[in-house]
């Protein structure tokens, strides 16, 4: 692969068609044949990076600016990069519970963008969805950044905190995420402050032998029914067995 | 500030570090707010053996008597449910020791007898298996 394929033109040298065409291929196709490469504009049309949206009191959203990882997005072919944090205006959420989509909005004459929210994720030449959040009618939760810069697992959309558990009991936790979580983790601790080993709960022990999983979800709640054995109804693991202790449920959507 | 959930019979089902939502209640259950820290509330009644609690303990048969440490700060007695039998223990400085024999294989399930006052979950329930 040769790149670039264009070359300098000396003063007085006539500019040949090949000069122009090589320069154009460098600019549009990184020096490759159009049959082998998408144009830069097409390739970057859906580019978006470092767009981490966080909660801003009260019931607002902020796209935080970082000079080291500056937010960037292409909307309608325009390369946009704000030079400071971008905040959603107050009062954008109202009415019944719903999932809202967070949009970056381009305006003519600006190389930055603003934020808006909408209950539809559809995009166009001036608007692109960059995340979502859940409005429960009073509060925001489950803010998701589709093009965030945070490495690793994002913060959970729901954290129950520790609560006391016992065997053969059903616990309902209101996660309020507006959808069945895509992932979850149920932890067990033998102490109320969660110190020491947290054991991942996958099953509980059943009286008379065997084991069963314990957790179910709908769009509003998590349901944990501990199993019947007093010795291992809450957690049945090679790491720990218990019919008591404490649970903590984490959910991601 | 924590919340507790009571069963329809008024026994305490659970208590939570974060406030529970009324939507978490099953039919007949009720929600109460308690002005206490979660760790403080969890220490109102605890059971331990060999320094361990909140998990099932196993000991071999004929391994000598086991000492269960009962802690109920600020109280002079503690009523304990041991496999369905209630035993009231005198407390000194809110503590007592209960001896369990290991001659016969079986399971001891210990928890507070007054479940309207103390939650039979968390570190207030202790299961010991003699195998």
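Structure above, values below:
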read-out	value
Normalised alpha carbon radius of gyration of segment A:46-121 [divisor 2.2 N^0.38 Å]	1.12
Cα point-scatterer Debye curve for segment A:1-136, base-10 log of I(q)/I(0) at q = 0.10, 0.16, 0.17, 0.21 Å⁻¹	-0.48, -0.86, -0.92, -1.17
Calculated FRET value between residue A:85 and residue A:170, using beta carbons and R₀ = 41 Å, to 0.05	0.40
Computed P(r) (all Cα pairs; segment A:21-81; 5 Å bins; percent)	4, 16, 17, 14, 16, 11, 8, 5, 4, 3, 1
Potential lengthening between residue A:78 and residue A:138 on full extension [0.36 nm per residue; Cα-Cα distance subtracted]	18.0 nm
FRET efficiency, 1/(1 + (r/R0)^6) with R0 25 Å, evaluated for residue A:197 and residue B:23 via beta carbons	0.20
Efficiency of FRET from Cβ geometry, residue A:185 and residue B:92, R₀ 45 Å, rounded to 0.05	0.60
Chain lengthening between residue B:116 and residue B:11 when straightened (0.36 nm per residue, less Cα-Cα)	37.4 nm
Distance between segment A:40-97 and segment A:165-238 - C-alpha centres, whole angstrom	37
Percent of alpha-carbon pairs separated by more than 19 Å within segment A:183-253	31
Among B:74-82, B:28-36, A:236-244, the order from most to least packed when residues are scored by Cβ within 10 Å on average	A:236-244, B:74-82, B:28-36
Calculated log₁₀ intensity ratio I(q)/I(0) where the Debye formula runs over C-alpha points of segment B:44-131, q = 0.13, 0.23, 0.24 Å⁻¹	-0.37, -1.14, -1.23
Per-residue average of Cβ from other chains inside 10 Å of B:115-121	3
Simple label model, 7 Å out from Cα along Cβ direction - residue A:20 to residue B:1, nm	7.4
Chain A - percent relative contact order, Cα under 8 Å, separation 6 or more	14
Point-to-point label distance, residue A:239-residue A:223, nm (Cα→Cβ direction, 7 Å offset)	2.7
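Read the figures in this text as sums done on the coordinates, not as results from a lab. Not measured: the values here are computed from a predicted model. Reconstructed Cβ throughout: ideal geometry from the backbone, glycine too, with neighbour counts over all protein chains shown.
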